Structure formats: structure tokens, C-alpha cells
């Protein structure tokens, strides 16, 4: 069973890296350097040269752009002054949370990451790590597997289930060739693995890559939130529809599960509940909010909302499964629908599924020009339309069977 929660628009936005204003970062502090001297007996796979730190400022590797990097192309090449913003977010040192109950291992990771220019936070147990994640919102977590109390698997699983922490990359620290831990880590949502002793170059590369990926994912997440916000604003312009979108999301999830659709298909169906009419943002108020019957010219304008909605959502890869719903939810089984006049199974399956729940909700909801029909009355009308050739007969029969169970549950 998929648990759905609407994405909040006021969640804490994370800092995005890559600003030129971070020209230099101080080398590791004297306390950290002393800590490294005390770790000479601990096998790290590092040369003595790696551990000798000169008293000067160094440029961290994560601000050195890679040639041809798609991520770097998202960031303006204009020099940024101190306190400037990148992509609308305050620039700053990326934060890495190191979680390990073994002091020597934790100090080693802290020292190496500090040398690379990261702000490092430490935790010596799982419960403290969860508390620091909530308080500090790190950009990445370096997490030991074996810890007393709450182990690394529990921490990772908890964070990946939460809306506000699911995008934070987690790198598990495992023993060499610990196959069982790696498999378990994948199951709870780990993003990568590192083995002890640390290799400095590998650690820097993996952390840098995942911090960049997190920034890209957050950009995508913010874009999706904007789209949902626009869709809700459009719905609010028409007071007659009430909570139409919310009802479609709920009904879409339930019907999708009844049809044994995949998790991604159910998600697309639910997102379609919010976004199917987003193209109405481009329809003039004179047509969209017109009282009375629309003229043939008005209808031609109104039909464009599906094409406009497709253009709005098409650039986002995460919307690939939703775009066919947006464009084709007004097609008909006999080819008499719009915008493309598709027939039968040429109509995308999720668009067929969504159309049925959309029509059902419209029939069973009260509008100024009609009363709310009972579910039996709505089904009768929809079955009559199916006989006219407007709906997929098999899918309509499945919906009729489903809605009886659904109404009893409600």
C-alpha cells in the first residue's frame, strides 16, 4: 500500500554548491592535525605526505569545475561576490555528517573531509545522528554500519522514509567485502558504499559526486512543488470544483492499487490528479470562467489546455508518465475525443484509467448547474456512454466492480 502525502511548499531549502565566492578554505585546524598525528598506528592507506598539512589556504576540490559537467552548466559563470546567491539559494560550505562510534575512524574521516573544504559535523551514535540531521540538514551523511543501539541500517531507513530528509545522500562505511551489509544497505536506501581503511581520493570523489547529485535532485524537487502550487492555484479559481484534485488523487491511488498497477504508475496517476488541468493557466478568463454555454469558438480555445499542460510538464523527466495523462485524458475509445482523436488502445492506458475517475468525480460532485449524483446513477451514465463507444468496455467493467467495494469502505 502506497502512503501518499502532499509535498509541503515551505520545506527548508538546501544550500547549492558551486559559487565562485568560495575562493579559499582554511586548511585543517591544529586540533585536527594533532588528531592525525595521534592516529599513526591506525591503518588508513595514506602516505605520510597526505598527512602533512602546510599552514596555508587551499582550494577545496568540490569547487573545481569538471570540463563538460552538466551540473556546472547550471551555475552562472558570472563572478559572485561574498554573500551572493547561486540559483536563488545562499551559497555556503556543504555540510557532511560523519557518524561512527569508533573515534579514530571518525576523526580520520573528519580530517580528510575538512581538507577537502567541507563543513563537518560529528555523531558517535545513531540517535544523535538523527537529531543532528533534523537540526543541521547536512548535504551528505557518512554512516557507519555497526553501532550500538540504533545501527546504520535503522538510521538510513528512517531518514529515507521522511519527506524532509529523503534526498540526503547516505554513504555506508563497511568492512572490506562485507557483502551482507552492502545488500542490506541497498534495501534501506543507501546511495553508495566505502570500505575501511579510507582511500582519500576515492572518499573525495564519491562525496563530491553525491553532493552534486543532491543539488540536482533538489532543483527537480523544487520545480515539482512549483507545478503543484500552480495546479492548485488554477483549481482555486473555480470555486465550483471544491477539492476535485484531492479527490482524484485519493481515488486514483485506490483504483490503481485495485488494478495492480506498479508503484510508479500509481504515482503518475496520483500526480495526474493535480496536474491534468494545469494547462488552463493559459486559457483566457473570458472562456475559462464564462457563465453559460460555451460557443464552438470557445470550445476550440478550451481544448488547447491539454496541449498547454503537456508543454509545461514535458521538460521534466520525472513527469514522463504524467504527460500522456495530461494530453490524452479527453480522448474517447471510438476516436471522437481530443486533441488527437486517438482510438482504442492507441490511447495511453493511464490516460484511460484517469479519464474514468475524472468523469466519475464530476458526476458525483455538486455543481451550480447540477446536483451530485449517487454512485449508482453515475455508473449508469458511464455505462451508457461506454455502449456509445466512448470508454474502454473492459476497463469500465473493472471500475464498476471496484467502485462498489470502494463505496462500502468509505
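Per-structure values
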quantity	calculated
Test result for residue 172, outside any helix (DSSP H, G or I) and buried (at least 16 other Cβ atoms within 10 Å of the Cβ)	yes
Selection status of residue 252, within 19 Å of residue 347 (Cβ to Cβ) and assigned to a helix (DSSP H, G or I)	yes
Residue match in the stretch 140-147 (condition: surrounded by fewer than 22 Cβ atoms within 10 Å (Cβ to Cβ), more than 17 Å from the chain's Cα centre (by Cα) and in a loop (DSSP other than H, G, I, E, B))	yes
So residue 114, is it out of contact with any strand residue (DSSP E or B) (no Cβ under 6 Å at 6 or more places or on another chain), assigned to a helix (DSSP H, G or I) and surrounded by fewer than 24 Cβ atoms within 10 Å (Cβ to Cβ)	no
Verdict on residue 223 being closer than 22 Å to residue 112 by Cβ and either at pLDDT below 80 or crowded, with 16+ Cβ neighbours inside 10 Å (or both)	no
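The values are calculated or read from the model by the stated rules, or taken from the named source; none is laboratory data. Values in this document were obtained by computation on a predicted structure and should not be read as measured data. For neighbour counting, all protein chains shown are included, and Cβ atoms are generated from backbone atoms with ideal geometry for every residue, glycine included.
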